[in-house]
Amino acid sequence: MTSRGERFAGAALLALVLGLVLHNAAMAQLWEVGVRGRALDVAAAWKEVLLLLALAAALWGMRGVPKVTLVDLLAACYAGIVIVYALVPQGVLDGEATARGELLALRHHLLPVAAYALGRLVSRLWEERSRLGAAIVVAAIVVAVAGLVDLAIVSLQAWRESGVPGWYREQLGLDYEGLSGLPENWVYNTGDEQNPIRRLVATLLSPLASAYVLVVALLYVVSRRLTVWWALLAALLYAALLFTHTRAALGALAVGLVVLAVAQRRVLPVGLAAFSIAAGAAFLVAYPSIGPSTEHTQEELEFLRQNAEEEPGTSADPLSPSESSTASHWRNLRDGVRAVLEHPQGYGLGNAGVVAKRTGVTIKAGESTYTEVGIDAGLAGMVAFVLWNLVLLVGLLRREAWLGAAFTAVLLLALQTDVIGVHWVAVAVWGAAGVALRAPRAERPADAQAEEDAEPEPEPRPAPSEG
């Protein structure tokens with residue numbers, strides 16, 4: 001029998017998976033209607049409060065202590081290093097972070113650990129893992145439909161006049177100048193001032209975050225037995241992914257599909273990976289002609305012209321490795337690695353990425369999850385984070401093929417962007433990983449799994465003990 005605490009914790013994890021795709025849009029709407037400052041901070045903390053309550057409930061209702069694994073020890077090691085760095089004075093490490101920045105960074109680095117711990121405690125969800133997969137798919141459908149409808153009927157000017165710019169600027173401390181207070185990556189600049197193209201941002205208010213949700217859900221959908229409805233759903237999610245115009249996500253999806261094919265011993269995902277590469281490349285090339293066009297304001301044009309200096313040798317070809325955005329990502333990764341190696345003790349929490357930008361301190365490294373961890377928690381923290389996730393990946397590939405493939409894609413995306421800064425990814429992916437590690441045996445081949453899926457669901461029973 002499952003305890004009430006465990007049932008609540010499982011329901012809370014599902015609620016977080018569904019709720020976090022609406023969080024940004026909801027907070028911007030609250031800002032627009034006048035809920036601002038500390039009141040909005042309190043409202044925005046619903047996710048942390050729910051996660052902590054779920055952990056407490058799971059611990060309270062836990063029947064027996066889960067067997068401690070190597071993955072658990074590595075997670076605890078990483079979390080311990082982060083907490084130590086939170087206690088070390090900034091001056092000792094040459095850091096500049098504010099107290100607020102340290103708290104924001106502490107939450108940022110520990111969120112995937114907390115989600116993983118919740119998943120490890122909620123063993124019941126393994127028996128009902130289809131619910132977790134369904135929640136991920138529903139979240140992705142919301143992103144896809146909302147994003148495509150937005151591109152079809154909502155103008156960029158409507159977003160300029162919404163509460164989104166004020167929420168970013170005044171509530172989060174992120175002052176974007178190139179698009180009237182909206183993030184500059186909402187638009188794909190083709191090089192033609194009169195033809196900027198919009199990208200799908202959906203309820204997450206970000207093309208990158210939207211793309212990552214879609215990649216995770218697509219890998220789950222492809223891992224299921226092929227039916228007409230699953231195929232239509234995959235087409236919807238893939239179309240939305242294309243309109244995010246996120247090349248790294250398309251590449252990560254292809255790698256994830258290959259990993260899925262190997263883990264499930266199926267040919268179909270390999271064919272889909274090849275199709276995705278070809279279709280994605282064709283779409284990216286055609287995007288300036290077929291994408292939803294918009295217009296810059298005169299003030300935006302003046303700002304863009306003043307900041308139009310490109311790095312020597314960059315290209316406007318979206319498929320070129322020297323394309324300006326791609327070159328910028330690799331340059332930031334290289335500079336971040338160099339910064340970590342030159343200062344291996346780290347600078348203390350709050351000196352990297354968006355947290356540093358929000359709190360007005362010098363950004364020592366940005367974009368890559370790994371270098372941001374290295375700047376905040378030193379080389380030791382970065383190594384602990386990498387080891388934890390690599391060992392976790394091996395465990396997932398043995399137990400839940402689609403999740404191992406999705407985790408592979410996420411770890412690849414972490415090279416160029418702060419994936420754990422996308423709260424949905426940190427909670428849904430690492431939480432699901434914790435749940436999957438309670439699996440009593442390895443994932444079966446696709447044909448055996450398909451036969452099992454076709455059979456009636458068995459009566460609920462307690463999860464077998466590990467070991």
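Would segment 3-14 turn up any residue that is touching a residue at least 40 places away in the same chain (Cβ under 8 Å), of a type in the set (Gly, Ala, Ser), within 30 Å of Gly163 (Cα to Cα) and surrounded by fewer than 17 Cβ atoms within 10 Å (Cβ to Cβ)? Outline the logic, then answer.
So in segment 3-14, the residues touching a residue at least 40 places away in the same chain (Cβ under 8 Å) come out as 3-10, 12-14.
This time we only want the ones that are of a type in the set (Gly, Ala, Ser), so: 3, 5, 9-10, 12.
Now drop any that are not within 30 Å of Gly163 (Cα to Cα), which leaves 12.
Add one more test, that the residue is surrounded by fewer than 17 Cβ atoms within 10 Å (Cβ to Cβ), and what stays is none.
No, the conditions are met nowhere in segment 3-14.
Is there any pair linking a residue in segment 43-59 that is touching a residue at least 40 places away in the same chain (Cβ under 8 Å) and buried (at least 17 other Cβ atoms within 10 Å of the Cβ) to one that is in a helix (DSSP H, G or I) and of a type in the set (Phe, Trp, Tyr), with Cβ under 7 Å and at least six apart or on different chains, and which?
Ala54/Phe8; Ala57/Phe8
Is segment 290-310 home to any residue that is farther than 16 Å from Pro196 by Cα, outside any helix (DSSP H, G or I) and of a type in the set (Val, Ile, Thr)?
Looking through segment 290-310, none of the residues is farther than 16 Å from Pro196 by Cα, outside any helix (DSSP H, G or I) and of a type in the set (Val, Ile, Thr).
Tell me which of these Tyr347 doesn't satisfy, since it passes every other one: (1) within 21 Å of Ala79 (Cα to Cα); (2) assigned to a helix (DSSP H, G or I).
Answer for Tyr347: the failing condition is (2).
May I ask you to say which residue of Leu219, Leu151, Leu174 is over 21 Å from the mean Cα position of the chain (by Cα) and touching a residue at least 40 places away in the same chain (Cβ under 8 Å)? Before you say what the answer is, go through the steps one by one.
On the way: Leu219 fails: over 21 Å from the mean Cα position of the chain (by Cα); Leu174 fails: over 21 Å from the mean Cα position of the chain (by Cα).
So the residue among Leu219, Leu151, Leu174 that is over 21 Å from the mean Cα position of the chain (by Cα) and touching a residue at least 40 places away in the same chain (Cβ under 8 Å) is Leu151.
Evaluate segment 222-237: report whether one residue or more is at negative phi, of a type in the set (D, E, K, R) and at pLDDT below 95.
Narrowing segment 222-237 to residues at negative phi: 222-237.
Next, only the ones that are of a type in the set (D, E, K, R) stay: 224-225.
The next check asks that each one be at pLDDT below 95; those that pass are 224-225.
Checking segment 222-237: at least one residue is at negative phi, of a type in the set (D, E, K, R) and at pLDDT below 95.
Just one of Ala114, Ala134 is over 19 Å from Gln29 (Cβ atoms) and in contact with a Leu (Cβ under 6 Å, 6 or more places away or on another chain); which is it?
Working: Ala134 fails: in contact with a Leu (Cβ under 6 Å, 6 or more places away or on another chain).
None of the others qualify; the one that does is Ala114.
Would you check if Ala75 is on the phi < 0 side of the Ramachandran plot and within 24 Å of the chain's Cα centre (by Cα)? Spell out the reasoning first.
Values: on the phi < 0 side of the Ramachandran plot: yes; within 24 Å of the chain's Cα centre (by Cα): yes.
Criteria met by Ala75.
Would you tally the residues in segment 146-165 being exposed (fewer than 15 other Cβ atoms within 10 Å of the Cβ) and outside any loop (DSSP other than H, G, I, E, B)? Give the derivation first.
Kept after step one, since they are exposed (fewer than 15 other Cβ atoms within 10 Å of the Cβ), are these residues of segment 146-165: 149, 152-155, 157-158, 161.
Cutting the leftovers down to outside any loop (DSSP other than H, G, I, E, B) gives us 149, 152-153, 157-158.
Count: 5.
The values are calculated or read from the model by the stated rules, or taken from the named source; none is laboratory data. Bear in mind that the values here come from a model prediction, so they are computed numbers and not experimental data. Because the Cβ atoms are built from the backbone with ideal geometry, glycine has one as well, and the counts that use them run over all protein chains shown.
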